[in-house]
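Structure, as C-alpha cells:
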Amino acid sequence: MSTPNALCKAVAKHALQVFGGELKVQAYYNDDKSLSIDLLTTLDSVHKGVKSIATIGLCETPLLESDNQEFPTRVELCAAAMATEVYWENALVSAAFHILKKQAAVMPGVVVPYIFNDYLSEPLMPHIYLTVPFVWNYAHFPELSFSNLKINWLQCISIYEEERVFIDRFGGDAFDELLSEQEINTLDRNRMPVSMV
C-alpha cells in the first residue's frame, strides 16, 4: 500500500467516523497491476458479525457526464456484508475498477453488472446496485467537502437479474421503494427477489 495522500486520509477518517469500530486498510490491484485501490474495513459496527467496507481513493478520479463535463461530485463506494462473506471485498474493488475504467458518472440507481460472477459459482444475485447509503448512522452518510471537491458515498447491494431488468425498465427510485416497502434484508445472501406485482 502506498503512502496515503491528504485526500485519501480525509476520506478514510470520514468513513471511519460513519462506520465506527477499528479499521483495517488493505490495497487491492487489478490483474496487470495497472490499477489499485485501498479498502477500509471495520467489523461489528452495524451488528455483530457484519463488516462495513469502503473504497479509499476512487474519488481521486473525476467522472464525466455524457457531455464530457465533470460530474459535480466525486464518489466512493461502501457496502455492508456478513463478515464470513469474504468475496465482498473483491466485488467492491471490481466495481470500483469498473467505474475507474469507464470514468462515466455514477449515481444512485446505477447497476454494475455481473460483478459477483468472478467470485461465486452461479451466484443468485450477480449484480451490484448503487444506492444512497442506508445502513449506517440512521441512514445518513454525510457528504465530505475537501478543498474544492465534494465527495459522496454510494452503497453497493447485490441484486437478482430480474431486479436488474426492473431497474432498467422502471428506474432506481421505483426499486428503492419496493426494497423499503417489503423490508428486504439486503444482508441476506439467500433473500428472495423483490416482489414486483
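All of the numbers you see were taken from the coordinates with simple rules; none came from a lab. Since the model is a prediction, treat every value here as computed from it, not as a measurement. Reconstructed Cβ throughout: ideal geometry from the backbone, glycine too, with neighbour counts over all protein chains shown.
Quick notes on this structure:
- Alpha carbon convex hull of segment 6-181, volume per residue in cubic angstrom: 124
- A simple count of charges around I99, restricted to other residues whose Cβ falls under 13 Å of its Cβ and scoring Lys, Arg +1 and Asp, Glu -1, yields +1.
- Gaussian network model of the chain, springs between alpha carbon atoms under 10 Å - residue of N117, N152, N68 with greatest fluctuation: N68
- Positive end of the dipole of the chain (Cβ unit charges, origin at the Cα centre): among V106, L124, L77, the Cα lying farthest that way belongs to L77.
- Mean Cα-pair separation over length for segment 1-145, i.e. relative contact order, pairs under 8 Å, 6 or more apart, %: 18
- What you get for segment 73-155, charging only the Cβ of Lys and Arg (+1) and of Asp and Glu (-1), is a dipole of about 360 debye around the Cα centre.
- Each peptide among 98-105, 189-196 gets the average number of other Cβ atoms lying within 10 Å of its residues, and from highest to lowest they stand as 98-105, 189-196.
- Note on segment 1-98: dipole from Cβ charges, positive end direction compared against T61, S94, V50; the farthest Cα belongs to V50.
- Positive dipole terminus of segment 129-197, leading residue within H140, G171, I184 (C-beta point charges): H140
- Only Lys, Arg (+1) and Asp, Glu (-1) charged, at Cβ; the chain dipole about Cα centre in debye: 600
- Note on segment 46-94 and segment 119-151: Cα centroid distance 6 Å, given to the nearest whole angstrom.
- Shape analysis of segment 1-42 yields a ratio of the Cα radius of gyration to the Kirkwood radius, Rg/Rh, of 1.01.
- The Kirkwood hydrodynamic radius of segment 3-73, based on inverse pair distances between different Cα atoms, is 13.7 Å.
- Largest GNM mean-square fluctuation across A91, A12, A27, computed for the chain with C-alpha springs under 10 Å, falls on A27.
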